[in-house]
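The values are calculated or read from the model by the stated rules, or taken from the named source; none is laboratory data. Note that this is a predicted model, so its numbers are computed, not measured. In this analysis, Cβ positions are derived from the backbone assuming ideal geometry, glycine residues included, and neighbour counts consider all displayed protein chains. Only protein heavy atoms, including side chains, enter the accessible area calculation; ligands, DNA and RNA are left aside. Shrake-Rupley method; radii C 1.70, N 1.55, O 1.52, S 1.80 Å.
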Amino acid sequence: MPDNEWDPDDYDEGHGFVAEYGKDVVRLLDPQPGERILDLGCGTGTLTAAIADSGADVVGIDAAASMVEQARERYPDLAFEVADAREYEPGEFDAVFSNAALHWIPGKDHDAVLSMVDDALADGGRFVAELGGRGNVTQVEGAVRAELAERGHDADHPWYFPSIGEYAPRLEAHGLEVTSARLFDRPTELDGGEAGLREWVGMFGDELFDGVSEADRATILDAVEERLRPALFDADAGTWTVDYRRLRFAAEKA
Ligand code: BEZ
């Protein structure tokens, strides 16, 4: 899971689009009254609550204690646990749901996650999820890497953004039959106006700057903005739009 120190207030207030877009994934899940649903990587609980509104019985888990604390404060009647999806010992569920969380788990660890999902699901149960897909945020990551490299820094790729061809066989290998899968561009306008891109990098790309001083970081972010401004900044609206690509799928336990 990420080394990021998540700030739940910043996450909710400055990056509310994550949960807003996630509502489409809840629609695909189509939760029914009385269903038992596990929300994997629930963050501050916005979508867990949206699922619960359908009358389903939901448990939200997240590896970040700060996020779970905020989720419990916001939704005291719902169940949340601090848990790492790779090691979680689930009860039985009719569905597992995940939005914008799986890409934080390294690719090598997804077999552990998918084994957990398989264990969690009752026969015929479904796994409905969305994560960053192959090619996600390439322009932003490329610009940050180029500016880091110009100053002698290198960075690991901290996320896992698989293609359909890569992920569907992994699902099937864990007894999860893929019923739909889509990889699609979803250009995403950021909050925060002129500062939106650096705020986004601060929230989601912090690990790219491991070992970089605060002064260098500020210079690099200035240069990243200049590099990306022609392609990603709308001067009339005063907003940045990031090149998100999503992998959205539904699968069923055979
Ligand atoms: C995403 O939700 O696509 C994302 C999250 C973290 C870093 C980059 C992209």
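Quick notes
- Residue match in region 222-235 (condition: part of a strand (DSSP E or B) and crowded, with 16+ Cβ neighbours inside 10 Å): yes
- Filtered by the rule that a residue be surrounded by fewer than 16 Cβ atoms within 10 Å (Cβ to Cβ) and either touching a helix residue (DSSP H, G or I) at 6+ places or on another chain (Cβ under 8 Å) or closer than 30 Å to Leu221 by Cβ (or both), region 141-169 gives Gly142, Ala146, Ala149, Glu150, Arg151, Gly152, Asp154, Asp156, His157, Ser163.
- Note on region 205-215: residues that are out of contact with any Lys or Arg (no Cβ under 6 Å at 6 or more places or on another chain) and either assigned to a helix (DSSP H, G or I) or open to solvent by less than 40 Å² (accessible area, probe 1.4 Å) (or both) amount to 7.
- Scanning region 13-41 for residues that are under 29 Å from Trp200 (Cβ atoms), of a type in the set (Lys, Arg) and touching a strand residue (DSSP E or B) at 6+ places or on another chain (Cβ under 8 Å) yields a count of 0.
- Taking region 19-55 as the range and being open to solvent by less than 10 Å² (accessible area, probe 1.4 Å) and either of a type in the set (Phe, Trp, Tyr) or farther than 27 Å from Glu189 by Cβ (or both) as the test, the residues that pass are Ile37, Leu38.
- Residue among Gly16, Gly45, Gly22 that is within 14 Å of the ligand (Cβ to nearest atom) and under 24 Å from Phe93 (Cα atoms): Gly22
- Region 90-140 - residue that is open to solvent by 20 Å² or more (accessible area, probe 1.4 Å) and assigned to a strand (DSSP E or B) and, of those, nearest to the ligand (Cβ to nearest atom): Arg126
- Meets criteria (assigned to a helix (DSSP H, G or I) and under 21 Å from Val25 (Cβ atoms)) for Ala218: no
- Filter pass, Leu208 being modelled with pLDDT of 95 or more and touching a Ser or Thr at 6+ places or on another chain (Cβ under 9 Å): no
- Region 148-178 - residue that is free of Cβ contacts under 8 Å to residues at least 12 places away in the same chain and part of a loop (DSSP other than H, G, I, E, B) and, of those, nearest to Gly135 (Cα to Cα): Asp154
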